[in-house]
Amino acid sequence: MIWINSEFNSMTAVLQLKKITGSHTGVKISKFLRDSLNKWKIPTNKVYFVLSDNAANMKLAIKEAGLEKNSLSCVIHTLQLCITDKLFEQQTNVNDLIAKSRQIVTHFHHSSSSMDMLHEIQQQLKLPQHSLIQDVVTRWNSTFYMLERLVEQKTSLALFFIKNQKCNASNLNEDQWLLAETLILVLKHFEVATLEMSENRASVSQIIPFIVSMEAYLTYASENAGEIKTIIEELKKDFISRFSSYKYNKNLNMSTVLDPRFKLSYAISDEEKGTIKSNIQEKYMNLNKTDIADCLSTTDNLT
């Protein structure tokens, strides 16, 4: 549960925690959601967002609980699916690069002698004394960090493999190094956004500006991506497909406009701005039963 107290500080609390035995089916989770709301006497019309991952059982549970219109998929998980599915897995050259990178990292993690030799080479070349990073398949940014560290240690790795030609791992080729460097540049923007969206003080008002800014960035990147132009265009297409529903969520739009950092700066057309203002006026009137003149005056500062 998330709310703002009288001093406008963001507050969080866990109302209920329960172990679900056996298979975590949508029906079981749905019953838990309904029982929890009833126990705390929370009517469904007071639930503005139900946050979940994109798993089928969670989608079914939220639908069966009558909360589908309030459902919101985790932005970080949706981004994970977008990058891993469209970029890491479906693009053969990227997939090969990641597989080869994992082999290199695994070799050093399993061989203390190789690791020691790599550190000696780093000292000789006056490179950062960093170990290689093993990625975790469920965290796309861990793959980003793995590639970033490999590129940082490109020279030391080249010298290591020259000295150890019988090593059971082999270095990346020039095309793969170039691809890794390009991917790092592209994914850096996603990594920064992911960190911002993962902060304790992050709010739903940041979601739409994040989507709008990333769409603009992917458009720019695809126009300047050179040999990986097609890859970036496919990533952009999938990103827009997965995130389009967020942009038309009424509550998300109102949350963004009411955040003084954004207001209506992200809205594209006058029609969109007018619709959002009308939604806020309607919500304000329903909550406060106030005079329409007062309601209209509050929207003058939104632009």
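Quick check: is even one residue across the stretch 176-188 in a helix (DSSP H, G or I) and over 27 Å from the mean Cα position of the chain (by Cα)?
For the stretch 176-188, residues in a helix (DSSP H, G or I) and over 27 Å from the mean Cα position of the chain (by Cα): absent.
Among 94, 27, 47, which is within 30 Å of residue 148 (Cα to Cα) and among the β-branched types (Val, Ile, Thr)?
Being within 30 Å of residue 148 (Cα to Cα) and among the β-branched types (Val, Ile, Thr) holds for just one of 94, 27, 47, which is 94.
Considering each of 84, 155 in turn, give the residue that is surrounded by fewer than 14 Cβ atoms within 10 Å (Cβ to Cβ) and either at pLDDT below 95 or assigned to a helix (DSSP H, G or I) (or both).
155
Within the stretch 190-211, how many residues are out of contact with any helix residue (DSSP H, G or I) (no Cβ under 9 Å at 6 or more places or on another chain) and under 21 Å from residue 240 (Cβ atoms)?
Matching residues across the stretch 190-211 total 1.
Against the definition (surrounded by 15 or more Cβ atoms within 10 Å (Cβ to Cβ) and under 20 Å from residue 77 (Cα atoms)), how does residue 144 come out, yes or no?
yes
Which numbered condition in (1) within 19 Å of residue 259 (Cα to Cα); (2) out of contact with any Phe, Trp or Tyr (no Cβ under 6 Å at 6 or more places or on another chain) is the only one that residue 184 fails?
(1)
Could you check, for the stretch 211-228, whether at least one of its residues is at pLDDT 90 or above and in contact with a Ser or Thr (Cβ under 8 Å, 6 or more places away or on another chain)?
So far as the stretch 211-228 goes, no, none of its residues is at pLDDT 90 or above and in contact with a Ser or Thr (Cβ under 8 Å, 6 or more places away or on another chain).
Just checking, which of 65, 61 is under 30 Å from residue 206 (Cβ atoms), surrounded by 19 or more Cβ atoms within 10 Å (Cβ to Cβ) and over 25 Å from the mean Cα position of the chain (by Cα)?
65
Conditions tested, residue by residue: (1) within 27 Å of the chain's Cα centre (by Cα); (2) of a type in the set (Asp, Glu); (3) at pLDDT 90 or above.
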site: 243; (1), (2), (3): yes, no, yes
site: 249; (1), (2), (3): yes, no, no
site: 270; (1), (2), (3): no, yes, no
site: 274; (1), (2), (3): no, no, no
site: 282; (1), (2), (3): no, yes, no
site: 294; (1), (2), (3): no, yes, no
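The rows are residues; the columns are (1) over 29 Å from residue 81 (Cα atoms); (2) touching a Leu at 6+ places or on another chain (Cβ under 6 Å); (3) of a type outside the set (A, V, I, L, M).
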residue	(1), (2), (3)
135	no, no, yes
139	no, no, yes
160	yes, yes, yes
169	yes, no, no
175	no, no, yes
182	no, no, yes
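Yes or no: residue 99 more than 30 Å from residue 246 (Cα to Cα), without any contact (Cβ under 8 Å) to a residue 40 or more places away in the chain and in a helix (DSSP H, G or I)?
Here the answer is yes, as residue 99 does meet what is asked.
Looking for something part of a loop (DSSP other than H, G, I, E, B), closer than 25 Å to residue 234 by Cα and among the β-branched types (Val, Ile, Thr) - is there at least one such residue anywhere in the stretch 125-133?
Within the stretch 125-133 (the criterion being part of a loop (DSSP other than H, G, I, E, B), closer than 25 Å to residue 234 by Cα and among the β-branched types (Val, Ile, Thr)), the answer is no, since none of the residues qualifies.
Please verify whether residue 118 is at negative phi, in contact (Cβ under 8 Å) with a residue 40 or more places away in the chain, part of a helix (DSSP H, G or I) and touching a Leu at 6+ places or on another chain (Cβ under 6 Å), treating the condition exactly as stated.
Answer is no for this residue.
Kindly indicate whether any position in the stretch 245-256 is free of Cβ contacts under 8 Å to residues at least 60 places away in the same chain and more than 21 Å from residue 78 (Cα to Cα).
yes
Got at least one residue in the stretch 20-32 being within 25 Å of the chain's Cα centre (by Cα), aliphatic (A, V, I, L, M) and surrounded by 10 or more Cβ atoms within 10 Å (Cβ to Cβ)?
Among the residues of the stretch 20-32, at least one is within 25 Å of the chain's Cα centre (by Cα), aliphatic (A, V, I, L, M) and surrounded by 10 or more Cβ atoms within 10 Å (Cβ to Cβ), which makes the answer yes.
Does the stretch 66-80 hold any residues that are of a type in the set (A, V, I, L, M), more than 20 Å from residue 228 (Cβ to Cβ) and outside any strand (DSSP E or B), and which are they?
67, 75, 76, listed by residue number.
The values are calculated or read from the model by the stated rules, or taken from the named source; none is laboratory data. Just so we're clear, the structure is a prediction, and the values are computed from it rather than from any experiment. Methodologically, a virtual Cβ is constructed for each residue, glycine included, from the backbone with ideal geometry; neighbour enumeration extends over all protein chains shown.
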